[in-house]
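Below you'll find the structure, written out as structure tokens, and then a few comments.
The values are calculated or read from the model by the stated rules, or taken from the named source; none is laboratory data. Please read these numbers as outputs of a predicted model, since none were measured by experiment. Cβ sites come from the backbone with ideal geometry, for glycine too, and all protein chains shown count toward neighbours. Ligands, DNA and RNA are excluded from the accessible area calculation, which covers all protein heavy atoms including side chains. Shrake-Rupley method; radii C 1.70, N 1.55, O 1.52, S 1.80 Å.
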Amino acid sequence: PPAHSQNDWIGPPDKHSNLRPIIFYVPPEESTLERQLREARQEAQDCDQHFWARHNCAFSQEKEEFICSRLKSKGLEMRDETGQKTTLNAEEMADFYKDFLSKNFRKHMQYNR
């Protein structure tokens, strides 16, 4: 952000967490309470960034493994004869999403707390 800015700046979504990072404005005469609030907000942002980056990475990896496993069990390859990626239908993917959410229920509950 420009040196004369007096606002927080919000960046583009992070490619791993999908969260938009914030660069917090620091007033020149920031009080102790204001600093503590800003630091608490930054700490919360860092925790969110870390949690969602790990979560999304695990999601992508497990999703890919699920798709490969299902296609293999059907005798299909990851790409068809034209080179297009082979996909599963919505019902098959619903199995994955339900499973993933069930496996990660405790993590989500702990995150929300």
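Among the residues examined, Tyr97 qualifies as out of contact with any Gly (no Cβ under 9 Å at 6 or more places or on another chain), aromatic (Phe, Trp, Tyr) and free of Cβ contacts under 8 Å to residues at least 40 places away in the same chain. Given the structure, is Leu33 assigned to a helix (DSSP H, G or I) and farther than 27 Å from Ser102 by Cβ? Taking the combined requirement at face value, the residue satisfies it.
Evaluation of Leu37 against the conditions (1) free of Cβ contacts under 8 Å to residues at least 40 places away in the same chain; (2) farther than 22 Å from Ser5 by Cβ; (3) open to solvent by 50 Å² or more (accessible area, probe 1.4 Å) shows that the sole unmet condition is (2).
Of all residues in the range 67-113, those satisfying the criterion of being β-branched (Val, Ile, Thr) and either open to solvent by 80 Å² or more (accessible area, probe 1.4 Å) or not in a helix (DSSP H, G or I) (or both) are Thr82, Thr86, Thr87.
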